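Below is one structure, written out as C-alpha cells, with a few remarks after it.
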Amino acid sequence: MEIPAINLKAIVLVHWLLTVWGCMVFLPSSYAWGNFSVLAVGVWAIAQRDSIDAVLLFLMGMLVTILTDIVHFGIYYPLNDFSAERRFSGGMAILNLLLKPASCFFVYQMYRERGGDYNINFGFPTVSRNRDAYQSIDQPDESSSPANPFNQAQDSKPGVRAY
C-alpha cells in the first residue's frame, strides 16, 4: 500500500487555521509564538522546493511543538470556566495537537522525497573485538615490496607533470 502524497501547503494551512482558532481565548502568547514560528518555517519549506534543510527544520519544529502544546494544555487549560468561546478554542487547539503526529509523518515522507536520509537508530553503540577488516601496520603487506612502496609497475614511465 502506497502512502498518499499530502501537499505541504495543505499541512501548513490546516495547522495555521487550527492555531489561530486555538489561541483565541485561554492559551498564552507563547503558544501562538511557538506554533506560528514553526509555521513560518513551513512557509519557507514551501517556497524553497529543493531545500532539504527547510523541511527537516519544519519537521523538528513540529515535533518540539507537540511537547510544548502538551505543557501549555497542562498548565493553562481551564478547569471550571467553560464558556462557548473557551470550549471552541480548546477544541481547536486539541485537534491541532491530535493532527500534528500525522502531519509529522507526512512531512517526513516529503523530506525523504526531497532526498533526505535521516536514519533514526535508538540502539546503543557497541564495541566489537572483530579485527578481520583491519590491516596491520606492523607487518608490510605481501603485495608491496620495500623497493616499490606505491605498487607501481616497474616498466612504466612516470607521466608528464603539469604545473
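The values are calculated or read from the model by the stated rules, or taken from the named source; none is laboratory data. As the structure is a computational prediction, the values presented were derived from the model and not from experiment. The area values use the complete protein model at the heavy-atom level, side chains included, leaving out ligands, DNA and RNA. Shrake-Rupley method; radii C 1.70, N 1.55, O 1.52, S 1.80 Å.
Would you mind estimating how fast region 29-114 diffuses translationally, via Stokes-Einstein at 37 °C and 0.692 mPa s with the Kirkwood radius over Cα pairs, in µm²/s?
Answer, rounded: 236 µm²/s.
Can you bin every Cα-Cα distance in region 1-79 into 10 Å intervals starting at zero and give me the percent of pairs per bin, rounded to whole numbers?
Final binned percentages: 17, 46, 27, 9, 1.
Per residue, how much accessible surface does region 29-114 expose to a 1.4 Å probe? Answer in Å², no decimals.
For region 29-114, the solvent-accessible area averages 57 Å² per residue.
How large is ³J(HN,Hα), in whole Hz, for each residue of region 23-35 in order, when computed from phi with the Karplus curve 6.51 cos²θ - 1.76 cosθ + 1.60 and θ = phi - 60°, using x for Gly and Pro?
Whole-Hz 3J(HN,Hα) from phi for region 23-35: 9, 5, 10, 9, 7, x, 5, 5, 4, 5, 4, x, 6.
Return the sequence-ordered ³J(HN,Hα) values of region 50-64 in whole Hz as given by the Karplus equation 6.51 cos²θ - 1.76 cosθ + 1.60 applied to θ = phi - 60°, using x for Gly and Pro.
Per-residue couplings from phi come out as 9, 7, 7, 5, 5, 5, 5, 5, 5, 5, 5, x, 4, 5, 5 Hz.
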